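One structure is given below, encoded as structure tokens.
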Amino acid sequence: MSFQLVPDSGVPAYLQLVQQVRQAIRMGVLQVGDKLPTVKEVVTEVAVNPNTVLKAYRELEHEGLVEGRQGVGTFVSRRPSGPPPSTQARLARSLERWVETARREGLDDESIEALLRAILRAATPARSA
């Protein structure tokens, strides 16, 4: 697994790492029992402070998704709730095709994101009073 940080995203670096690990587990890129990259490997890859990586791994441990083993590393301990990786992958492929169509129709990334957010808001079930 490799990480990519977006400095101007407004999302703290440690949360970007947490989100990427969660997504990798959801999509089946990481399986239960797989070892995460070491703190040193992540620091080298994305040029971030070691404490940032440690904070991300602690957050994932707190969520119960990974477990640290002293002197051995950090390992995936369970998947987040939700559909299995095969369903996620199928939906991702469908969404990829939709994005390609939207771009061909002239939408830029900002417009695509705005449209998706609007649809998500509209599709949210009404809360009962």
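So between E105 and Q88, what do we pick up on full extension, going 0.36 nm a residue minus the alpha carbon distance?
Contour length minus Cα-Cα distance gives 3.6 nm.
Please state the charge dipole magnitude for the chain, taken about the Cα centre, from unit charges on C-beta atoms (+1 on K and R, -1 on D and E), reported in debye and rounded to the nearest 20.
Using Cβ point charges on Lys, Arg, Asp and Glu, the chain gives about 500 debye.
Using 0.36 nm per residue of separation minus the Cα-Cα distance, give me the extension gain between V46 and E63 in nm, one decimal.
3.8 nm
Looking at the chain as a GNM with Cα springs under 10 Å, which of L107, L36, L60 has the largest mean-square fluctuation?
L107
Under the rule a/c < 1.5 gives rounded, and otherwise a/b versus b/c splits prolate from oblate, where does the chain land using the Cα gyration tensor?
It comes out prolate by the Cα gyration axes.
Once the dipole of the chain is set up with Lys and Arg at +1 and Asp and Glu at -1 on Cβ about the Cα centre, which of L5, V42, A56 lies farthest towards its positive end?
A56
For helix 85-104, report the angle its Cα long axis makes with the longest principal axis of the Cα atoms of the chain; keep it between 0 and 90° and round to the nearest 10°.
That works out to roughly 50 degrees.
Between E96 and I119, how high is the FRET efficiency from 1/(1 + (r/R0)^6) when r is the Cβ-Cβ distance and R₀ = 25 Å? Nearest 0.05.
Result of the calculation: an efficiency of 0.90.
State whether region 7-76 is rounded, prolate or oblate according to the following rule on the C-alpha gyration tensor (a ≥ b ≥ c being the square roots of its eigenvalues): a/c under 1.5 gives rounded; otherwise a/b larger than b/c gives prolate, and the remaining case gives oblate.
oblate
Read-outs throughout are calculated quantities, based only on the coordinates presented, and are distinct from any laboratory measurement. This one's a predicted model, so the numbers in the text were calculated from it and none came from an experiment. As a convention, Cβ positions derive from the backbone with ideal geometry for all residues, glycine included, and neighbour counts pool all protein chains shown.
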